[in-house]
Amino acid sequence: MKFSYRHGFDPDYKNEPIREDAPPWLKSLFFATILDGLIYIDGDSRFPNNENKPLGIKALIERLCAENGQETDDEDHDSFYCYDSLKVRIQNLAWYQFYDVVELIGYLLKENDLKKTISWGQKTYEEFSFSSYRQKVNDLFSTHKIEWKLSESSSLETPIPTDLELKLNQADASLQDRFEPARKHYAKARYFALGSHKDPENSIKESISAVESVCRTYYPSASTLGDALKQMRKESVISPLLITVIEKFYAYTNAEPAVRHGSDKASSVLEYDAELALHISSAFIRTIIQRKK
């Protein structure tokens, strides 16, 4: 953090976490310290991409304009002006559009990672990988108190402790193949709890739905999560006390207004309730899968 920020000398700097904003200085830092090292002038043989940088400037401008419903102009396609044009376009984005771009670049780099081939005698470009980009973005945001963190899927989420993030990622990884329906519920639960458009009620609903989907995959004759838990209790694979916890969690989601059922009462659910539900469901899903193996 800059001297003027640390000591409060800059009157325009607010020493508090930033969520729904992207100050001009953040956009400038992102361009100068991260994006600048990834872009090259494409579509012009006079400017060879000898470093094999992954993002063509003109193609990136085209994508940004398409994403935001804008038209390109002559400077966007001119090799001598496109660099400055991209810089100005990013600087003029609304705060939420800027974070869209941060995610978009991550998606593009992930696609580029899949296309890479290893050849003998060629330099590997780790600095152009998504993992490198993600680390740089998260370091920049953390340093300047930006309350977002780029996930492994290139989605900006509310930061959580590293150990918990690892557990969430492990739960997601375990939901493959036969558990694909559960994975979709889980992805929604995570997005609604940690993403940029928080919806705690829907997050809790999707969390318990992910648990129910996994349980009903193992117990196809069960018509509800409650039925599946009863069958699970008879098997004695999982501690009955732990099953009771999930039964209580299930009862909470059914009884809480605006979560699984409509109500004439206003919702009292908070973002932190959704995070708790996400972690509970994540832990239980991993426990079920491991115990049933």
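Normalised by residue count, the stretch 253-293 yields a Cα convex hull volume of 61 Å³ per residue.
Residue pairs exceeding 25 angstrom between C-alpha atoms, taken from 27/110; 205/248; 110/292; 116/145: 110/292; 116/145. Expressed in Å, the radius of gyration and Dmax of the Cα atoms of the chain are 23.3, 73.
Go through 96-104, 5-13, 202-210, 229-237 and give me the packing order, highest mean Cβ count within 10 Å leading.
Values: 96-104: 17.7, 5-13: 11.7, 202-210: 25.0, 229-237: 14.2.
Taking the mean over residues of other Cβ atoms within 10 Å, the ranking is 202-210, 96-104, 229-237, 5-13.
Mean residue ellipticity, 222 nm, helices only, the chain: the sum of -39500 (n - 2.57) across DSSP H runs of n ≥ 4, divided by residue count and rounded to 500, is -18500 deg cm²/dmol.
If R0 is taken as 45 Å, the Cβ-Cβ distance between residue 170 and residue 73 corresponds to a FRET efficiency of 0.45.
Taken over the alpha carbons of the stretch 7-116 as equal point scatterers, the Debye sum produces base-10 log I(q)/I(0) values at 0.11, 0.23 Å⁻¹ of -0.40, -1.40.
Checking every one of the trypsin sites (Lys or Arg not before Pro) in the stretch 40-144 against DSSP loop status and a limit of 16 other Cβ atoms within 10 Å picks out 46, 116, 123. Using C-alpha pairs under 8 Å with a sequence gap of at least 6, the mean separation divided by the residue count of the chain gives a relative contact order of 13 percent.
Ranked by the mean number of other Cβ atoms within 10 Å of their residues, highest first, the peptides 140-149, 69-78 fall in the order 140-149, 69-78.
With all projection directions averaged, the alpha carbon convex hull of the stretch 150-293 covers 8.6 nm². In the stretch 211-293, the portion of solvent-accessible area held by carbon and sulfur atoms comes to 55 percent [1.4 Å probe, whole percent, DNA, RNA and ligands not counted].
The values are calculated or read from the model by the stated rules, or taken from the named source; none is laboratory data. Here the structure is a predicted model, which is why all the values come from computation and not from measurement. In this analysis, Cβ positions are derived from the backbone assuming ideal geometry, glycine residues included, and neighbour counts consider all displayed protein chains. Accessible surface is based on the protein model in full, side chains and every heavy atom, while ligands, DNA and RNA are left aside. Shrake-Rupley method; radii C 1.70, N 1.55, O 1.52, S 1.80 Å.
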